[in-house]
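These notes concern the structure reproduced below.
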There are 2 protein chains.
Amino acid sequence: MSEGPHLTFDLDQPGISQGHLVVPKGADCEALSLSVFSLNKGAGPRLLITGGCHGNELEGPIVARRLVEWLPEAQTCGRIIIVSVLNPPAVQAFTRNTPIDGLNLNRVFPGRANGSVTERIADAISRLLLPMADTVFDLHSFGPTWDFPPSTTTHPIADQDLMAKTIKMAEAFKLPMTLVWDHPDTPGMFDISAHNQGKVFVCAELGGGTIGAENLAIYEAGVRNALIALGLIEGKAECPIFRQRKSSQTLQTRRPADELASPARGIFEPRCSMLDEVKQGDLIGILHPMDSSSAASTDIRLPSTSIVCGIRSGGYVEVNEWLALLARSLAH
Amino acid sequence: MSEGPHLTFDLDQPGISQGHLVVPKGADCEALSLSVFSLNKGAGPRLLITGGCHGNELEGPIVARRLVEWLPEAQTCGRIIIVSVLNPPAVQAFTRNTPIDGLNLNRVFPGRANGSVTERIADAISRLLLPMADTVFDLHSFGPTWDFPPSTTTHPIADQDLMAKTIKMAEAFKLPMTLVWDHPDTPGMFDISAHNQGKVFVCAELGGGTIGAENLAIYEAGVRNALIALGLIEGKAECPIFRQRKSSQTLQTRRPADELASPARGIFEPRCSMLDEVKQGDLIGILHPMDSSSAASTDIRLPSTSIVCGIRSGGYVEVNEWLALLARSLAH
């Protein structure tokens, strides 16, 4: 008899409890045990915090672990469930996708009980943890190949009431950017499953570049602000200081115009920084051919006046790879 | 008859000239053409600037290309040869080592004429370009997995006169750190070949993290400072501003005490930043096990009072991987 996904402990017990979410074995690997931390302080908001969906985005797992240290003292009501690493095989391999089946966990929700390991993880989360929460914070990051600010993001949601609640929750982090991102590749994403169950889902994209001590403090402050807004902890929310600025803005993108794709392969030299306001026709980067003796460089200019949400870190890019993601202020 | 490595143009012609260094074909691949830019303004210092030794360190190629734009106007005497990409196959693959033979170009100098492609590149550089210069600036970077300041480095050199000249040249960049690095893995490095020919060789480690517009400006300013010190261009050298600081210090490391290795595998959370001065016993990071429910985290504390040259970006590390590189002020 094959055992279904299950928890090794009773999530309903009051106070702190800790145990595992067991993802059953399949043809491709043995059962996995995901560490689950639960803080149950009775009536109030029910929040699920997840990290480590992609194995090379480790700001989330680190910030989630920090919460485990101070939340038991700070939380005043409600219930918080923390899964700091959703995808242990991917984190161990430090890869975006699960190395065992090559799948992207954030493209297989709600998962399949009899699927490959990534689908079984999604199935276990969807069936056993998602129903326990009204709000989800999923902690991602843009990774080292982009200059991208600490931010919260959501996709456009057809249900206008849920959209408004989601933007309000995302803004409560008070990170430098809140982004309504018209994303091209949504089937199977975790947020779609959550939206289908009527839940508020905020994806934190914890920036690009090096995961250093200063950035981690900003990310932690953002999550703390959101917990204050939910009424789960007491305190005063404050914009964290990021690159000498203490500000927060809400932006939106439109497909496909805001996805600036590379016209050629070559070495990309960024000439602006994230959150720069750039005018139509301004230079934002240069694409250099490998052989500078026989081919000229190509200036990359902005097709329309925009705010630069993120820009590729200097690197070798292929044709049609994104060089920048553009946006403008959200008309509330 | 097999053709040896050769230049497609006459490096001795006055003024600007541009062409290729041809690395002959071998059993493993066709001939490569490396773009070479030469500025010959007669008597004076003879400098070789190289970038793209490692294919995933692209600050060097970008800064080298910028020099090609403004040096023709600025250079007043002497000769500068620029090879912005030493290893085109590695840059195209965005990998440290050459994908064709798996070799690290900076471990095969002085190369072999009949070796694999990486050895043939080293041979062509060693025989045709290195003899044309008295000074070499080789532009590297620490890459995205470290928090590391823009810096110049040299290994300890037995010849005390050459060591003093090299440190003076490295300090002339006025970058935040000049490092005399007691490196464990020196055979076959480019600098050893250059030292054996009595040349001053400075390796610029252009920092860690995202390659963004601000950092590129700092790197370019560093190279400009060094060109002023050599007397190749006119101007006033100034420390570039990096993270609100405008300072420059010279440090040294000692093996193996200054290489802080990980005692276990896990998710590394950095708790300090590069160039922090940290006391013996202070916490500089935490190593988290994948399964926080059944295993405790490990505090990483400093074995002796030091300056942190560089610290690993948050990521998954294996046992004995370096977590930090420590140093102290150089006793001149």
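Quick notes on this structure:
- Applying the condition of being within 13 Å of chain A (Cβ to nearest Cβ) and either free of Cβ contacts under 8 Å to residues at least 40 places away in the same chain or assigned to a strand (DSSP E or B) (or both) to the stretch B:62-80 and asking which residue is surrounded by the fewest Cβ atoms within 10 Å (Cβ to Cβ) yields B:Glu69.
- Of all residues making up the stretch A:45-61, the number that are within 14 Å of another protein chain (Cβ to nearest Cβ) and either part of a helix (DSSP H, G or I) or not charged (D, E, K, R) (or both): 11
- The residues of the stretch B:87-123 that are assigned to a helix (DSSP H, G or I), aliphatic (A, V, I, L, M) and surrounded by 22 or more Cβ atoms within 10 Å (Cβ to Cβ), listed by number, are B:Ala90, B:Val91, B:Leu105, B:Val117, B:Ile121, B:Ala122.
- Selection over the stretch B:210-224 of residues that are out of contact with any helix residue (DSSP H, G or I) (no Cβ under 9 Å at 6 or more places or on another chain) and either charged (D, E, K, R) or over 17 Å from A:Phe148 (Cα atoms) (or both) gives a count of 4.
- Flag if B:Ser247 is closer than 25 Å to B:Leu206 by Cα, among the polar types (S, T, N, Q) and surrounded by fewer than 18 Cβ atoms within 10 Å (Cβ to Cβ): yes
- Residues satisfying the stated conditions in the stretch A:62-94, i.e. touching a helix residue (DSSP H, G or I) at 6+ places or on another chain (Cβ under 9 Å), of a type in the set (Val, Ile, Thr) and under 25 Å from A:Gly212 (Cα atoms): A:Ile62, A:Val63, A:Ile82, A:Val83, A:Val85, A:Val91
- Meets criteria (within 14 Å of another protein chain (Cβ to nearest Cβ) and at pLDDT 95 or above) for B:Asn87: yes
- For the stretch B:23-44, the tally of residues that are buried (at least 19 other Cβ atoms within 10 Å of the Cβ) and hydrophobic (A, V, I, L, M, F, W, C) stands at 6.
- Test: A:Pro176 is in contact with a Pro (Cβ under 6 Å, 6 or more places away or on another chain), away from every other protein chain (no Cβ under 14 Å) and surrounded by 17 or more Cβ atoms within 10 Å (Cβ to Cβ): yes
- Which listed residue, of B:Arg255, B:Arg243, B:Arg265, B:Arg271, is within 14 Å of chain A (Cβ to nearest Cβ) and under 25 Å from the mean Cα position of the chain (by Cα): B:Arg243
The values are calculated or read from the model by the stated rules, or taken from the named source; none is laboratory data. Since this is a predicted model, take the numbers as computed values, not measurements. All Cβ positions, glycine included, derive from the backbone under ideal geometry; neighbour counts span all protein chains shown.
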